[in-house]
Amino acid sequence: MRVLYVVHRFLPKFISGTEQYVLALARAGLAAGDDVRVYAVDPGFEPPFGPAELRRYDVDGVPVTCHSFAMGSVQNHVLADWWNPLNQASFEALLDEFRPEIAHLFHLRFVGIDRVDDLERRRIPFLIHLMDFWYVCPNFLLLRTEPKPRAALAPPDALAGEPTLVQCDGPPQGGYGCFDCVHTTVAQWAREPWARARHAERRRGGEFPLDEASGEQAGYAMIERPRHLASALARAARLFSPSRTVKAALEKAGAPTGALEVVPYAIDRSALRALADPPRDAVHVGYLGTFAPHKGLAVLLDAFRGLDDRAVRLHCFGRFGDYPGYDAKLRELAAGDPRVEFHGPFARAELARVVSGLHLLVVPSLWRENTPFVCLEARAAGLELVTSALDGMTECVPPGRGRSFPAGDAAALRAELRAAAAGVRARGHRRLDPDETIPDVREQYAAFRERYVAARSVVR
């Protein structure tokens, strides 16, 4: 079977969970004898902007077609987030060359939901995977920023006065409220009374947003976004969500989820076969993930630096450079504490080595997450989990596998770290028993393949 996977970005430049999951499934498909390829984009946001480029390369044997283009050539960035004709030619050329029998769409941010039209014109059935909240939230996190007054926290809290991230239930004010989180420089123009009146007029006339550098067109693209993305979801042969959390969030925001199936993520269990015994010199705590504000590493560092246990070590795996201002905050919080070490990112082949050096894994995210892969890998390896008490994380931590704390509360996290460290010592520095209930990615690909065959038969 010829299978096309579509994702908003891909390895080796982008290395987050979505990209790793797509790669693992694609490799499983190739191993099963199918022809699986990946289409991705690479939008450039920083000058100098080069010409658009179509790159073809392999990642671990998986053929990739990547369309690089300059966002500087886009006038309406609100529209380009979800509708992008710049990608049409490269995508259609791949469809005509590869002739996929099925397309599995993992993320369409900057790729454009207009790729759905390209598939439908060729009668290629497609399935949509909800990797985060993008279909109802332009920042894909369902978070909004609010100021946090210094008086709200006790003086020892190093994060006092920092902005706080608050959970959101979907596009406020029909989409106009989204400008408080994204594209803030055009917020006022986009929401002017005259612009709102013009938007209503355009909608009555059935107009589509234009790629123009105007606040009025940006505003129109934002309020049209929910309707058009909901339409894309409704046209898919199947919808998949890895958690009940995402399903509930989309339903609350009014997105169609009638054909949605909750399919928890799988992992590549072979990556953990070479686990070594855990160290006994101290309690080793890990953070594995992106150094981004919504991931909450600053909360963990603030909690850890107030921990009076000198026989606990914190290992942070991830890369600096994506959020320079936040990087400076992280380094400031860790400064002078010899127990904290930044290791940098690691290759997937090193997962067993990294996990072997840990007893606990902390996932301090400030958003609801979408079943973090690190939680599943930690369970499979026998690491105890300490997570924020938000649905996307607590849903994937069964009883006996971990503990939680109020998101963003460094003092509460500090208390849980003390308790968890005591538990590690009580177990003689052993990890928990590996969780054997998490499916392997090869089994999951076989299950998806059955759905591919069913979707293809309906179209024919």
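The values are calculated or read from the model by the stated rules, or taken from the named source; none is laboratory data. Every value quoted in this text rests on a predicted model; they were computed, and no experiment measured them. All Cβ positions, even for glycine, are placed from backbone atoms using ideal geometry, and neighbour counts span all protein chains on display.
For ARG368, state whether it is over 30 Å from VAL262 (Cα atoms) and among the charged types (D, E, K, R). Don't jump to the end; show me each part of the working.
On the way: over 30 Å from VAL262 (Cα atoms): no; among the charged types (D, E, K, R): yes.
Criteria not met by ARG368.
Being surrounded by fewer than 15 Cβ atoms within 10 Å (Cβ to Cβ), part of a helix (DSSP H, G or I) and assigned by TED's automatic domain parsing to the domain that holds ASP322 is the requirement here; does ALA420 meet it?
Criteria not met by ALA420.
Looking at (1) touching a helix residue (DSSP H, G or I) at 6+ places or on another chain (Cβ under 7 Å); (2) surrounded by 17 or more Cβ atoms within 10 Å (Cβ to Cβ); (3) farther than 27 Å from VAL59 by Cβ, which is the one condition that is false for GLY306?
(2)
Please verify whether ARG414 is surrounded by 17 or more Cβ atoms within 10 Å (Cβ to Cβ) and touching a helix residue (DSSP H, G or I) at 6+ places or on another chain (Cβ under 9 Å), treating the condition exactly as stated. Explain how you work it out, then say what you get.
On the way: surrounded by 17 or more Cβ atoms within 10 Å (Cβ to Cβ): yes; touching a helix residue (DSSP H, G or I) at 6+ places or on another chain (Cβ under 9 Å): yes.
Spelling it out, ARG414 is indeed surrounded by 17 or more Cβ atoms within 10 Å (Cβ to Cβ) and touching a helix residue (DSSP H, G or I) at 6+ places or on another chain (Cβ under 9 Å).
Would you check which residues across region 241-269 are part of a strand (DSSP E or B) and either without any contact (Cβ under 8 Å) to a residue 12 or more places away in the chain or surrounded by fewer than 21 Cβ atoms within 10 Å (Cβ to Cβ) (or both) and list them?
Result: LEU260, GLU261, VAL262.
Taking ASP322 as meeting all but one of (1) in contact with a Lys or Arg (Cβ under 9 Å, 6 or more places away or on another chain); (2) assigned to a loop (DSSP other than H, G, I, E, B), write down the number of the exception.
In the conditions (1) in contact with a Lys or Arg (Cβ under 9 Å, 6 or more places away or on another chain); (2) assigned to a loop (DSSP other than H, G, I, E, B), ASP322 misses (1) alone.
If TYR21 satisfies every condition in (1) in contact (Cβ under 8 Å) with a residue 12 or more places away in the chain; (2) loosely packed, with under 15 Cβ neighbours inside 10 Å; (3) outside any loop (DSSP other than H, G, I, E, B); (4) not β-branched (Val, Ile, Thr) but one, which is the exception?
TYR21 satisfies all of (1) in contact (Cβ under 8 Å) with a residue 12 or more places away in the chain; (2) loosely packed, with under 15 Cβ neighbours inside 10 Å; (3) outside any loop (DSSP other than H, G, I, E, B); (4) not β-branched (Val, Ile, Thr) except (2).
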